[in-house]
Each structure stands twice: as structure tokens, then as C-alpha cells.
Amino acid sequence: MPSTAAAPSVIRDQTHVTLPADTNQARGIADFALDFMQGTIGEPDAAVLKRIELFHTDAVLCGLSALALGTNAPTILRQEALEYATAKGRPGATVFGDPTKVAPEKAVVANSSAVREWDSNGTNFGYNPRLGNTAGEFGHNDFYPVVIAACQMAGKDGATALRGMLLLDEIRGRLAEVFSLKTYKIDHVVHGAIASAAAFGAIVGATAEQIESAIGMVVAHYIPWRAIRAGKQLSDSKGASAAISSEVAVLSMQRAMRGFIGPKDIFRNPEAIFRFFEPTTEGKDRWTELAPSPFDLVLTHSGDDFAVMGMHFKLGLYEHQSAGALQATLNLLSEHPELLSDPDGGAIKTIDILAYEPAFGIIGNPAKMDPQTRQSADHSMAYIVSTLIRKALETKKLPAGGADCDEAWKALMLDPHDYAKDAIFNQKTRAIMQKIRFEHGGAEYDRNYPDGIPTSLRITDSSGKTHDSGMVMYPAGHARNTKADLEGILSHKFRLLGGLAVGDVGSTLKRFENIGKKSAADIAALHDFKIEFNPIEI
């Protein structure tokens, strides 16, 4: 069904649509989603579509390996989804590794949970200085299962799926640039849930009014607080947050399509999160329904200026705030191989790390010096860096090649086994951790975030000589890194994780390569392959 015409105050040009703060932005997002998915607007460059394809493949391989190794939340949610099989002849969506058609919201919660479990897929930092939008909200490429489920429900092909994934990342990525949820202790997945409702609805045939209702329901009924990420040892809720929010987004969209009417104009609603936390009027007038939202929203429809082009890849399993420290460590170990001369790490006396807030607060708090679980270990700067060094000591000599240590990234890539119980309590790793001092670098470091991941690392050797990495801004995997062989390192990552989950990695990868050229039948059968389950204690 064609969308209704955009309001006159909405600004369109050859590449962008601007939804001003004094317009109904929920309806504007709905109109944009419908126009983009129907091809009324939108000619993204080939490089943009390639980027989306890489992020999607990355997400899938993360998910498959998390399921194969028996991680808790993905296993539970996948089993739950398979209990919601649809009636014969009815449309449905599929979970990874099974052809059974199930309720779409259940396929989405299962697959998104698997994708996110390792915390190893794509990341954004909500940073767009060109527009002055630097709210700096985090976000991750956790939501592609929403689009695949929608395409399976509606019988759409791979070109539709690729376009839908781009749409979803554009909406959530631009919201992350203009509104910092974490400032108010709200979890970053809210932006992804809004985008999920819009993308799912636009693919399965919702009207603009229905999409607006679904977005209103998501924001009014389902706001997750960052309590899910608080505490000394993290729970399943941390990894499953995006999955649960995408589940309710799909559920809200289906309810709206059945006639349920949710709150309208939610971005200007004075008692919804946006204006409640950032009032656009003062005193008693702050509660007026006529006031604008706190931001203009600019969405790209054509060219190469899409939000996804500023998103970052993780080259292994680690919290994204540690990427600068990992690059600095590889640089120093490659330049000074004598630091690896003692297999027990005796050539290294101390390691000093300086970084920005929020990295210091998130992965440097005292509790992270003694992680007891995988979810806490992968959010511990000390553990992540020490594990990389331990692996380097075991390798004895880092391989050469690449301006940003391409071969070293591959050889030492942190994988799920580096967060198993025996690895978390490895004595050598724990001994290296005791040599680490992680401090806030101060104003200079904070100024350079989130443009980069400003981190410096100094290793003092056993003779007292200090080796300084200098400030690392754009480690390999960062959107503004131009040195690393990104596709080569990602290919290694895909095969490493795929090898943990399937017998024939090559044929599985072919399912997800060139997804834009897949038929509707291919998308329907996208997850119809066998996962080789081999649970470990992790």
C-alpha cells in the first residue's frame, strides 16, 4: 500500500530526508520506511550495500557459534521459539539451523539473542560531526533477524532484505546520533526497537498509521533500563536485551496491523522518554503537547552517507571500548618481539593503559579486575588485554604483514574458547592482569571520543625500559581505519566462528554472500542447514 504524502514541513533533497523537531517524527519515520522499501526514494551506493552484507554475515556467524557452543540465553530462546510453530500453510519465520516456521517475534528473539551473545558483532558510537549530532549513544547490529523474519513472512527476496537491513540501521544509527539514552540510564536497544518496528512494518505491508502506532507502543510500554548491565557479574539479560526489545517491536507491529491503536506522535509526547528527559519547554509549559522533540532527525536515502558507513567491526570477541588497547598491544608486541622472550611473561614488568570515559567506567571498574563469568570477562579491559598477551606468549613470535598487524589480528583473534571457564581462571592470564594499571586519560582522551577510540598503552620491560604506543585513534575494524585489510581479517573471523558451528563453513558462507541476489525461495530457506552442537562450559 503506498504511503501517504509527507507533511510539507518535512525536508527532502536528493540524498536525505529531514524530519524537523516540530513535526510528527514517528509518522515521518513511518513514511520514510514505506517510501524507502517501496523504492519511491533511495539509491544507495554499491559500497553501502556491501557494508550491510558484511555486517549481516558477521552477525550470523556470531550467532551460529554461540548456539553451537551451548550458550544459555540463545539456547533457551531457540527452544522456546520452536514451541511456537505456525499452523501448516500459515506464514512464519525460521530460527538458525532449523526449517520449522515459527511465530516471527519468536524467531526474532531467538536469532537476535544468538547474534548478540558474544558481543562480537558490529557497533556504532552515535557520532556525526558533519551535522553536529554527537550524542554518542552506543548501538549494535543486532536487529537483522527482524528483517529476515519480515521477508520470510511476506515472501520477499534478498534485495528487499538487504534494503530492509540498511533501513533499520539508518533509523537506529541516526537516533543514536541525536539522543543519548545511556545518559538517562536507559538501554541503547530502544533505538533499535523503534527501527525494528518501522522496518518490519514496511516490509510486511503495514500502513504509515500502523507503523506510527507500533513505534508509540514500543516507546510507551517497553523501555529497558541499564539495570540489565549493572552489577559485579552480568546476567543473561545483558546479552538478550536487543533480542527482547526486537521481539516486542515485532509483536507491537503485528498488534497495530490487527487494529490496536498505540500512542501517536511519541517523540513530542511530554511524558515519553525524549521530552521527559530533555524538556523543550520550561516550567508548567514543559508538559504541553505542542512543543517540539529535542532534535531534528536526518535520514539518508541515497548515495554513500548512510549511518552504517560509520559503524565498526569487532575483529574477535571483546568489548568495543577495548579495541584501541588491543591495537596498541599488537603494535608494541610486533615492534618489540623481545617482550615475548619469556614464555611466562617475565620480560614484561608493567602495563599502563590510558583511555577515555566511558571506556574507563565500563571496562575498568574494580570489579572487572576479577571477572568470574564470561559476560564480565568480555567487559574487563585487564582480562581482554592480558588474554591477548597470553596468546602472543604462546605463539612466541607474531606473524608479519599488514600496516595494522593484519596477520597478528588473525593469529591472536580472541574467540569463544578464550572466555571459557578454564581460560577465565588461567594462571598466566591472571598474573598478567596484576601487571596492568588502567587509568582515565583525562580531557585529551575524552575530547577525541567518539571520533575515535583514543587509547594509549605503555609496556615497561624487565630492564626498566618503557615502550609507548602513543595514542591509538582508529584501530583495525574502526570505520575510519584505512590501513587494515578489513575483509581479509573478517574472512578469517567468519571461518573461525563458522568452524565452531557447521561442518562445511564454505557452503554455509555462500548462503549469506551476495544476499541481495537471493530469490524469495532462498530467503525462505536461509536458515535451513545443520548446526553441529558441541556445548562447552562457558
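Computed quantities for the displayed model
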{"read-out": "Percentage relative contact order, segment 277-392, counting C-alpha pairs under 8 Å, at least six apart", "value": "21 percent"}
{"read-out": "Spatial separation of Cα centroids for segment 490-538 and segment 412-437, in angstrom", "value": "28 Å"}
{"read-out": "Antiparallel bridge percentage (DSSP; both residues within segment 320-487; nearest 5)", "value": "70 percent"}
{"read-out": "Packing-based exposure ordering (other Cβ within 10 Å, fewest first) of MET217, MET369, MET471, MET253", "value": "MET369, MET471, MET217, MET253"}
{"read-out": "Dimensions (Å) - segment 24-281, Cα atoms, principal axes, largest first", "value": "52, 47, 39"}
{"read-out": "Where the Cα pairs of segment 111-244 fall when distances are cut into 10 Å bins, in %", "value": "13, 41, 36, 10, 1"}
{"read-out": "Tilt relative to the chain, helix 208-221 - C-alpha long axis, 0 to 90 degrees, to 10", "value": "50 degrees"}
{"read-out": "Estimated FRET transfer efficiency (ALA230, ALA403; beta-carbon r; R0 41 Å; 0.05)", "value": "0.55"}
{"read-out": "Burial ordering of SER252, SER519, fewest other beta-carbon atoms within 10 Å first", "value": "SER519, SER252"}
{"read-out": "Length gained when the stretch ALA521-GLU338 is fully extended (0.36 nm per residue, less Cα-Cα span)", "value": "60.3 nm"}
{"read-out": "Against the rule of thumb 2.2 N^0.38 Å, how large the Cα Rg of segment 340-489 comes out", "value": "1.03"}
{"read-out": "Relative contact order (%) - criterion: Cα under 8 Å, at least six apart; region: the chain", "value": "20 percent"}
{"read-out": "C-alpha long axis of helix 46-68 to longest principal axis of the chain, angle in °", "value": "70 degrees"}
{"read-out": "Qualifying GluC sites (Glu not before Pro) in segment 83-178, DSSP loop, other Cβ atoms within 10 Å at most 16", "value": "GLU83"}
{"read-out": "Per residue convex hull volume, Cα atoms of segment 259-334, in Å³", "value": "218 Å³"}
{"read-out": "Mean separation of Cα contacts under 8 Å, 6 or more apart, over the residue count of segment 54-191: relative contact order %", "value": "24 percent"}
{"read-out": "Table column - 3J(HN,Hα) (Hz), segment 74-80, Karplus curve with 6.51, -1.76, 1.60, x for Gly and Pro", "value": "x, 5, 4, 6, 5, 4, 4"}
{"read-out": "Likely footprinting exposure, LEU486, LEU317, fewest C-beta neighbours within 10 Å first", "value": "LEU486, LEU317"}
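Quick note: the coordinates plus some simple rules give every number you see, no bench work behind them. Model, not experiment: these values are computed from the prediction. Here Cβ is always computed from backbone atoms with ideal geometry, including for glycine, and neighbour counts include all displayed protein chains.
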